[in-house]
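Please read the structure below before turning to the comments.
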Amino acid sequence: MDDNISCAACGKGGDGLKTCTACKMVKYCSVTCQKEHRPNHKKECKRRAAELFDEALFKQPPPKEDCPICFLPMPVNSQTVYYHACCGKSACDGCTYAWYPNDNCPFCREPLSTGDEEMERLNARVNANDAGAFR
């Protein structure tokens, strides 16, 4: 970490400096210093904030996970991946098909649910912002 970090407005150093939330480039010791320095910083801040936004927007998506049962790469087609609403885990269709005669989840061992129960569990996962449940 750089020891020469100081407030962009007054030059005061220390541990309690707050970073500009838009550009993440400058630090301030107080709201007063931030407001005082804003006219000098505004143009560069907007440019850097746009760069950060573009980086996040055009970043490559994370690689697909492997099936936790057979350890083969998960299929690209989401129609061939089975989402288990009881525990929030997914498995490839092959593993799901192989496990089908059993009456419980291969991960959490919860009893497999009926259509209505499955929808209730899935809605609960969606309400909890589980990204795997959105499909």
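Here are the numbers for this structure:
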| read-out | value |
| --- | --- |
| Per-residue HN-Hα couplings for region 26-41 [Karplus 6.51, -1.76, 1.60; θ = phi - 60°; Hz; x = Gly/Pro] | 10, 10, 9, 8, 7, 5, 4, 5, 5, 5, 5, 8, 3, x, 6, 9 |
| Under 15 Å between alpha carbons - lysine pairs in the chain that sit 8 or more apart or on different chains | 10 |
| Degrees between helix 115-127 axis and first principal axis of the chain (Cα, 0 to 90, nearest 10) | 10 |
| Given (1) 41, 18, 14; (2) 24, 20, 18; (3) 50, 17, 14, the label whose value is semi-axes √(5λ) of the Cα gyration tensor in Å derived from this model | (3) |
| I5 accessible area, assembled protein chains, probe 1.4 Å, Å² | 50 |
| Within a Gaussian network of the chain (alpha carbon springs, distance under 10 Å), most fluctuating of N104, N40, N123 | N40 |
| Rounded to the nearest 10 Å², the accessible area of R38 at probe 1.4 Å | 90 |
| For region 72-81, Karplus couplings with θ = phi - 60° (6.51, -1.76, 1.60), whole Hz, Gly/Pro x | 8, x, 5, x, 5, 6, 5, 6, 9, 10 |
| Contact order relative to length of the chain, as percent, for alpha carbon pairs under 8 angstrom and 6 or more apart | 13 |
| Label-point separation, A124 to K43 (7 Å along Cα→Cβ), nm | 5.7 |
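The values are calculated or read from the model by the stated rules, or taken from the named source; none is laboratory data. Keep in mind that what you see is a predicted model, and the values were worked out from it rather than measured. Here the Cβ is made from the backbone with ideal geometry for all residues, glycine too, and neighbour counts use every protein chain on show. With ligands, DNA and RNA removed, areas are computed over all heavy atoms of the protein, side chains included. Shrake-Rupley method; radii C 1.70, N 1.55, O 1.52, S 1.80 Å.
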